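Here is the structure we will look at.
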Ligand SMILES: Cc1cc2c(cc1C)[n+](S(=O)(=O)[O-])c1c(=O)[nH]c(=O)nc-1n2C[C@H](O)[C@H](O)[C@H](O)COP(=O)(O)O
């Protein structure tokens, strides 16, 4: 078999302009000239690596099979002899030196006593763009804060003198027995926070018998994440529906073949929300050239996400559900339902479940919290005798086991947790995620005892006081106005 001659770094370096642009990714050269104007993250970020190795920049944002899937074969220029590629010494910016210093001084993992501790550490040690992407939410981030505030408007009515020597908080979710009623929810771009990406969450979840929901927009490929799973570990697929239904069908069928046990169709993101914190931080890094007064309506805060999410179909509707039921046997759950009327519709069309969720506040600002929609929904389902017909989950703002217990008292089957595991992973890797999961288990055991419940089945709405839940009272403090609205808030703008 003839050995394919490798290109040299010198040859690739010749293609370094906007009208002749090659980049190297994972040791192979690609001609991206024609793709430049289409890159929703803008052409500037690609031109920065024209004629050079772009792997480090490419990896966290794009699933590994992106170029195979989307770049025509004739643009694949073949393997490069990487020993001939000149690696430019990147000068370490003062800000990066600062960050390195904070990493040296960061608290020991054992000094993290709850999920919010991980957030505090991650904020200090993560790259700004990564922190921006993970922490940001839509518009004024009111819903982001409401997700946590809503839990704080629910109070317990604990039972006493119950023999709680033995406490068992195992349960089933979509028929799978789990140690504790939470799952790792789908959050995109895992490699922004950790070089290995989502497989870190997979391994930690396997150790704690926790279900992982695999995101469509993962940095790792779907098969990498499935391959990293433990032998009998259960995983679900989160699906953004593609305008090209043939692609969606292929993804769903492959996931079922690989053993996924649930199809979670995301229904709250016909378009990605506007995440201004993310936008500002992207601006200081390498804004795309579309920003340069082009007046084009390009929301670069979606630069990264938009580069891999412009495929999402805004035309998705209830009419599509029968088609999904025809292409898979997996239970179908709608993720991002936000009103009881749609829960009833989901029962009607035969969905196995819903996730009451506002996408972690990243979509429609002023959407209500999942826990509030749950408190609206369950009494209606019970009254209509439908509460056993569908499994109801919530996510958003879950940071304590008491949040999980409140959700279960109100009738949820389980809860999804997003950012805390991303922060734990970004700051401390797999050990961090495992500690976060263990902390929740310890809190769960203690609080089940204190509320007077020996099993999940004993949790009920009589154990919570939700009178204040629906009264939003004074809106969540608008921290954004204090810290971010000042257009000179980020260093780059100050230097202009
Ligand atoms: C934090 C985060 C959440 C994302 C997320 C990315 C991040 C960084 N992404 S996103 O890029 O499109 O916005 C997804 C996603 O891929 N698909 C999805 O269904 N939900 C996505 N979500 C929402 C997530 O599944 C949960 O609904 C949300 O994280 C729950 O709130 P907490 O973070 O407070 O736990």
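What percent antiparallel are the DSSP beta bridges of the chain, to the nearest 5? It would help to have the intermediate numbers written out before the result.
Details: 15 of 44 bridges.
Roughly 35 percent of the DSSP beta bridges within the chain come out antiparallel.
Between residue 344 and residue 20, what FRET efficiency comes out of the Förster formula 1/(1 + (r/R0)^6) with R0 = 56 Å and r the beta carbon distance, rounded to 0.05? All intermediate terms of the calculation are to be shown ahead of the outcome.
Values: r = 58 Å, r/R0 = 1.03.
With a Förster radius of 56 Å, E is 0.45.
List 444, 279 from most exposed to least, where exposure is judged by having the fewest other Cβ atoms within 10 Å. The partial results should precede the final answer.
Working: 444 22, 279 18.
Taking fewest neighbouring Cβ atoms as first place, the list is 279, 444.
Taking other Cβ within 10 Å of each residue's Cβ, how do 310, 369, 135, 326 sort, fewest first?
Values: 310 13, 369 28, 135 21, 326 8.
Fewest to most other Cβ atoms nearby, the residues stand as 326, 310, 135, 369.
Please arrange 219, 43, 317 by counting, for each residue, the other beta carbons lying within 10 Å of its beta carbon, fewest first. Numbers along the way, then the final one.
Working: 219 26, 43 20, 317 10.
Placing the least packed residue first, the sequence is 317, 43, 219.
Against the longest principal axis of the chain, how steep is helix 94-104, in degrees 0 to 90 to the nearest 10, with axes from Cα atoms?
That helix lies at roughly 50 degrees to the long axis.
Quick check: residue separation of residue 66 and residue 253 times 0.36 nm, minus the Cα distance between them. What number comes out in nm?
Details: separation 187, 0.36 × 187 = 67.32 nm, distance 1.91 nm.
Working it through step by step, the gained length comes to 65.4 nm.
For region 56-121, just say rounded, prolate or oblate: build the C-alpha gyration tensor, square-root its eigenvalues into a ≥ b ≥ c, call rounded for a/c under 1.5, and beyond that prolate if a/b exceeds b/c, oblate if not.
Numbers: a/c = 3.85, a/b = 1.85, b/c = 2.08.
Note, shape of region 56-121 comes out oblate.
Let me know the shape class of region 350-453, please: from the alpha-carbon gyration tensor, a ≥ b ≥ c as square roots of the eigenvalues, rounded when a/c is under 1.5, otherwise prolate if a/b is greater than b/c, or oblate.
Oblate is the answer for region 350-453, as a/c is 1.5 or above yet b/c matches or exceeds a/b.
With contacts defined as alpha carbon pairs under 8 Å and 6 or more residues apart, what's the relative contact order of region 329-446 in percent?
On the way: 171 pairs, mean separation 24.6, N = 118.
The value is 21 percent.
Note down the relative contact order for the chain as a percent, whole number, built from C-alpha pairs under 8 angstrom at least six residues apart. Provide the component values of the computation, followed by the final result.
Numbers: 906 pairs, mean separation 104.6, N = 496.
Normalised by residue count, the contact order of the chain is 21 percent.
Quickly work out the residue 8-to-residue 311 label distance, labels modelled 7 Å from Cα along the C-beta direction, and quote it in nm with one decimal.
For the pair residue 311/residue 8, the computed spacing is 3.8 nm.
With a point put 7 Å past each Cα toward its Cβ, work out how far residue 245 is from residue 325 in nm, to one decimal.
1.5
Return the distance in nm (one decimal) between the two label points of a simple spin-label model at residue 455 and residue 231, each offset 7 Å from Cα along Cα→Cβ.
Going from the residue 455 label point to the residue 231 one covers 2.8 nm.
So if we plug the beta-carbon distance of residue 56 and residue 441 into 1/(1 + (r/R0)^6) with R0 = 45 Å, what FRET efficiency do we get, rounded to 0.05? If you can, show how the numbers build up before the last one.
Values: r = 36 Å, r/R0 = 0.81.
Between residue 56 and residue 441 the formula returns 0.80.
From the square roots a ≥ b ≥ c of the eigenvalues of the alpha-carbon gyration tensor of region 434-474, which class results: rounded (a/c under 1.5), prolate (a/b over b/c), or oblate?
Oblate, since a/c reaches 1.5 and b/c is not below a/b.
Semi-axes, largest first, in whole Å: what does sqrt of 5 times each Cα gyration tensor eigenvalue give for the chain? Could the numbers behind the result be given before it?
On the way: eigenvalues 325, 130, 100 Å².
Here the semi-axes work out to 40, 26, 22 Å.
What does the extension gain come out to for residue 93 and residue 123, with contour length at 0.36 nm per residue minus their alpha carbon separation? Mind dumping the intermediate values first?
Values: separation 30, 0.36 × 30 = 10.80 nm, distance 1.84 nm.
Full-extension gain reported as 9.0 nm.
Helix 245-257: angle to the longest alpha-carbon principal axis of the chain, degrees 0 to 90, nearest 10?
Taking the Cα atoms of the chain, the angle to 245-257 is about 60 degrees.
Between residue 73 and residue 470, what FRET efficiency follows from the Cβ-Cβ distance if R0 is 51 Å, with the result rounded to 0.05? List each step's numbers first, then the result.
Values: r = 57 Å, r/R0 = 1.11.
Efficiency, rounded to the nearest 0.05: 0.35.
Extension gain residue 161-residue 179, at 0.36 nm per residue separation less the Cα-Cα distance, in nm?
Numbers: separation 18, 0.36 × 18 = 6.48 nm, distance 2.56 nm.
The residue 161-residue 179 span can extend by a further 3.9 nm.
Give me the angle, in degrees from 0 to 90, between the Cα long axis of helix 370-383 and the longest principal axis of the Cα atoms of the chain, rounded to the nearest 10.
Computed tilt is about 50 degrees.
Give the share of C-alpha pairs in each 10 angstrom bin for region 139-230, from 0 to the last occupied bin, in whole percents, shortest bins first.
So the P(r) values, bin by bin, are 14, 29, 31, 19, 6, 0.
No lab work stands behind these numbers, since they all come straight from the coordinates. Remember, it's a predicted structure, so these values are computed and weren't measured experimentally. All Cβ positions, even for glycine, are placed from backbone atoms using ideal geometry, and neighbour counts span all protein chains on display.
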